[in-house]
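> Handing you a structure now.
The values are calculated or read from the model by the stated rules, or taken from the named source; none is laboratory data. Please read these numbers as outputs of a predicted model, since none were measured by experiment. Every residue, glycine among them, receives a Cβ derived from its backbone with ideal geometry; neighbour counts consider all protein chains shown.
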Amino acid sequence: MERDSPFTYRKPTIRWLDYARRSWKRLGHLKIICSIASPSYGMNLEGITARFQSRITASKVITQEHRQQILEYINSQRSNQYKKRAGDLDSCELQHYYLSDPRLPSQSGALTGRLRAVGYLHTEYVEIPAWAVRLGLLRKGNYTLTERGKVLLAIQSSGNDLFDSEKPDENPYLLTPSEKYFSFYCLLDVDGDVIKKLYKRLILHTGLFNNSKVGDYMIESLKELRDEMKRRRLNVTYRSIGTQMNNTIEAIKNKSDQAVVPRLEPFVDCGLIRRGSRQNIEYETASNTRRFIENLNDSSSVDEFLNESLAVNTADLLGLKYVENVELVPHYMARSYTRLKSGIGYCSIRDLALLAVAYSIGGGSGIFEVGDVERTILDFARKYGTSVRFTKNRQGNVALVKFDSGFIKELTDTS
């Protein structure tokens, strides 16, 4: 039986990305775009794209220590871009410097504006802010940082300057376990109904699979999802989604992989699937992939999986040693609140819980789930009265919480 959150949230009609781009590969790009954005001062699309492009294409001197791996990467991935003989290169774009890192599960995903039509709106750089908006990290229109975007930055151990050429070992494309958990949450929160059905098919596939095969599975998955919607009800919203799905199906049939790649490469970064090699575009699953997907499909809903078992399943997938320990909730909740609270003291309940779980995964002493945090917040409100105050969002649902400063200090001192 599904355990509901003690707070009411507006759920999407169906969790699927109705717009996707092939450039949505490396989750590290989302970390970078969030580090550029401001929580209060907006920018237009051209402005934030220009800053993002400038950051990742900045020139980086190739050090002798990393020279061999960079030259191998350039020869296999970017030989058309670097016209000089690889052995003569003394610098490269910063994104290429980091993507050459052999620790990465995939070295593809570099962005370019040179191979597309003229004009910034036709470069791949402009597609990353759109991805961040789709995942709820940036606000549509002014590209300011959302509460969820703040969570992503708060998880970082190296601060907000994620593309610092003086700190080459801090690779923004290499995700920590906490970042992988957070990424799973964001990806499934917006696309979980499609991912459930697609990966249910992928875990039954024997051997390696490529984009074309995944495209076939995507068509089957979208048709199944579309037919389920037809059986549930026929109103304007569902008919509109059905039409969008039909358009996506036709695009895949015409050999477009725009809707396919974003359902694969980000999950390589998270460890759900593996590349056959860092260079070849083939993938495979493993036994821990099967457990993760089976548990997702066995959950009564995507909501239940996200709120009640994502942390445990992420830890299992990554091979982390973990103990479920809800006694740690007050400590990490207080730490998260201190990081996320606004000037008047309120912060999003769901994003507070999300950051607390991410901190617990990184802490290594025990983990818990989003639902555990939200139930703890409600219990504290009942027990401590005005030390815990709530306010509603625009939909009229309780969504923000404010803790008395003395109460937070007490939690911090006693945990």
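> Can you name every one of the helices (runs of 4 or more DSSP H) wholly within region 1-83 that holds 1 or more residues which are among the acidic types (Asp, Glu)?
Passing ranges, in order: 45-56, 67-77.
> Can you tell me which residue in region 365-400 is surrounded by the fewest Cβ atoms within 10 Å (Cβ to Cβ), limited to those that are of a type outside the set (A, V, I, L, M, F, W, C), in a loop (DSSP other than H, G, I, E, B) and in contact with a helix residue (DSSP H, G or I) (Cβ under 9 Å, 6 or more places away or on another chain)?
Checking each candidate, the answer is SER365.
> Still on this structure, I have one more. Do we find that SER35 is touching a residue at least 60 places away in the same chain (Cβ under 8 Å) and hydroxyl-bearing (Ser, Thr, Tyr) in this structure?
Yes, satisfied.
> Restricting to region 166-189, give me the number of residues that are buried (at least 18 other Cβ atoms within 10 Å of the Cβ) and touching a residue at least 60 places away in the same chain (Cβ under 8 Å). Before the answer, list the steps.
Let us first name the residues in region 166-189 that are buried (at least 18 other Cβ atoms within 10 Å of the Cβ), namely 171-173, 175, 177-189.
Still in the running and touching a residue at least 60 places away in the same chain (Cβ under 8 Å): 171-173, 175, 177-185, 187-189.
Selection size over region 166-189: 16.
> Would you mind finding the one in GLN95, GLN77, GLN107 that is of a type in the set (S, T, N, Q), closer than 20 Å to ILE281 by Cβ and modelled with pLDDT under 90?
Working: GLN95 fails: modelled with pLDDT under 90; GLN107 fails: modelled with pLDDT under 90.
One residue alone meets the criteria, GLN77.
> Wholly within region 238-344, which helices (runs of 4 or more DSSP H) include no fewer than the required count, namely at least 2 residues that are of a type in the set (Phe, Trp, Tyr)?
Qualifying helices (runs of 4 or more DSSP H): 329-340.
> If we scan region 319-326, do we find a residue that is in contact (Cβ under 8 Å) with a residue 12 or more places away in the chain, β-branched (Val, Ile, Thr) and either crowded, with 18+ Cβ neighbours inside 10 Å or touching a strand residue (DSSP E or B) at 6+ places or on another chain (Cβ under 6 Å) (or both)?
The answer is no, given that none of the residues of region 319-326 is in contact (Cβ under 8 Å) with a residue 12 or more places away in the chain, β-branched (Val, Ile, Thr) and either crowded, with 18+ Cβ neighbours inside 10 Å or touching a strand residue (DSSP E or B) at 6+ places or on another chain (Cβ under 6 Å) (or both).
> Pairs needed: first member in region 205-223, outside any helix (DSSP H, G or I); second member anywhere, surrounded by 14 or more Cβ atoms within 10 Å (Cβ to Cβ) and of a type in the set (Ser, Thr, Tyr); C-beta distance under 7 Å; at least 6 residues apart or different chains.
From residues that are outside any helix (DSSP H, G or I), the pairs are LEU208/TYR283; PHE209/TYR283.
> Additional query: For the subset of region 157-204 comprising residues that are outside any helix (DSSP H, G or I) and among the acidic types (Asp, Glu), which member is modelled with the highest pLDDT?
Only one residue fits best here, namely GLU170.
> Further question: At pLDDT 90 or above, outside any loop (DSSP other than H, G, I, E, B) and surrounded by fewer than 20 Cβ atoms within 10 Å (Cβ to Cβ), is that true of VAL126?
The answer is no for VAL126.
> Out of the residues in region 140-153 that are in contact with a strand residue (DSSP E or B) (Cβ under 8 Å, 6 or more places away or on another chain) and assigned to a loop (DSSP other than H, G, I, E, B), state the one that is surrounded by the most Cβ atoms within 10 Å (Cβ to Cβ).
Here the residue is THR146.
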